[in-house]
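These notes concern the structure reproduced below.
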Amino acid sequence: MPASDNPFSTAFALILGMDQSLITIVILSLQVSLIAVLIASLLALPFGAALALWRFPGRNLLIVILNALMGLPPVVAGLCVYLLLSRAGPLGQFGLLFTPTAMVIAQVILVFPIIAALTRQQVETLHNEYAEQLRSLGLNQLRMMPTLLWDARFGLLTVILAGFGRASAEVGAVMIVGGNIDGVTRVMTTSIVLETSKGNLPLALGLGIVLLSLVTLINGLAHTVSETAKRRLG
C-alpha cells in the first residue's frame, strides 16, 4: 500500500495503482449486488405486474405491505436471514451463513419490494391507459403482462438501477449474514466501516470514492434512460 501523509492522495494512489485488496473487495461487491438484483428482478417484475392486473381479496393490504417493505431496515432483514441460516434455523443444514450466498439472499429481500412496488405502479398506470385497446384485442391479464412490461421497459430499467443502488450501498444486512470475512464476504460498505475503525483511512477513502462513483454512475444511467424514454415516447 502506498505510503503518504495525506490519506486522500494515498486513496487515489490505491485506485490508480489497482491495489489488489481494493480490487478484490470491489469485484466481490459487484458480484453480490448484481446477482441479487438479477434474482430480485426476475421475481419482482412479474409479481408487480400481476399485482397491477389482477383484483382479489386482500390486494390493497398486500400493496400497503409491499410499499412498507420498501423501507425495510437492513439490519432487520439481516437478522431474519441470520435466523433462517443459522445452525438452529430451518435452513442451517445448508451451511450458507457467512457466505456470499447469504449476502445475496439478504440483498434480494431488500431489493425485491422496491422493484415489485414500483413495477406495480408503472404497469397499473399503463393498464388504466390502454385497458380498452388491450381488451379489444382479446387479451386477458396473463397475456397483457408481457405486453405492458415491454411497454414500460425504460421506466422499469430505471427501477432496476434504483434497486442496484440500494443493494450496492447496503451495509447492515450483509455485515450480519456475511460476517465481513477478509477475502470471502468483505464488500465495499463493510470494509469502509472496518478500515475506518482500524484507522486505515486511505483504504476506507479509496473504497468510499469507488462506491460514490458507482452510485453517481447508476444515477447518471437512470437519468439517461428516463430522458431517452421521454424522447422516444413523447
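The values are calculated or read from the model by the stated rules, or taken from the named source; none is laboratory data. Bear in mind the structure is a predicted one, so any value in this text is a computation, not a measurement. All Cβ positions, even for glycine, are placed from backbone atoms using ideal geometry, and neighbour counts span all protein chains on display. Each accessible area value is taken on the protein alone, full model and side chains, heavy atoms only, with ligands, DNA and RNA left out. Shrake-Rupley method; radii C 1.70, N 1.55, O 1.52, S 1.80 Å.
Okay, residues lined up against (1) of a type in the set (Ser, Thr, Tyr); (2) in contact (Cβ under 8 Å) with a residue 12 or more places away in the chain; (3) under 25 Å from Ala167 (Cβ atoms); (4) surrounded by fewer than 20 Cβ atoms within 10 Å (Cβ to Cβ):
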{"site": "Ala88", "(1), (2), (3), (4)": "no, no, no, yes"}
{"site": "Phe98", "(1), (2), (3), (4)": "no, yes, yes, yes"}
{"site": "Thr125", "(1), (2), (3), (4)": "yes, no, no, yes"}
{"site": "Glu129", "(1), (2), (3), (4)": "no, no, no, yes"}
Residue check, Leu110 surrounded by fewer than 19 Cβ atoms within 10 Å (Cβ to Cβ), over 16 Å from Asn180 (Cα atoms) and aliphatic (A, V, I, L, M): no
Would you say Thr185 is modelled with pLDDT of 90 or more and touching a Gly at 6+ places or on another chain (Cβ under 8 Å)? yes
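Quick grid of which residues meet (1) open to solvent by less than 70 Å² (accessible area, probe 1.4 Å); (2) not aliphatic (A, V, I, L, M):
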position	(1), (2)
Asn180	yes, yes
Gly183	yes, yes
Arg186	yes, yes
Ser191	yes, yes
Leu194	yes, no
Gly199	yes, yes
Gly208	yes, yes
Leu217	no, no
Arg232	no, yes
The helices (runs of 4 or more DSSP H) lying wholly within the range 1-74 that contain at least 3 residues that are at pLDDT 95 or above are 20-53, 59-69
Flag for Val81 being within 17 Å of Ala173 (Cβ to Cβ), touching a Phe, Trp or Tyr at 6+ places or on another chain (Cβ under 6 Å), at pLDDT 95 or above and buried (at least 22 other Cβ atoms within 10 Å of the Cβ): no
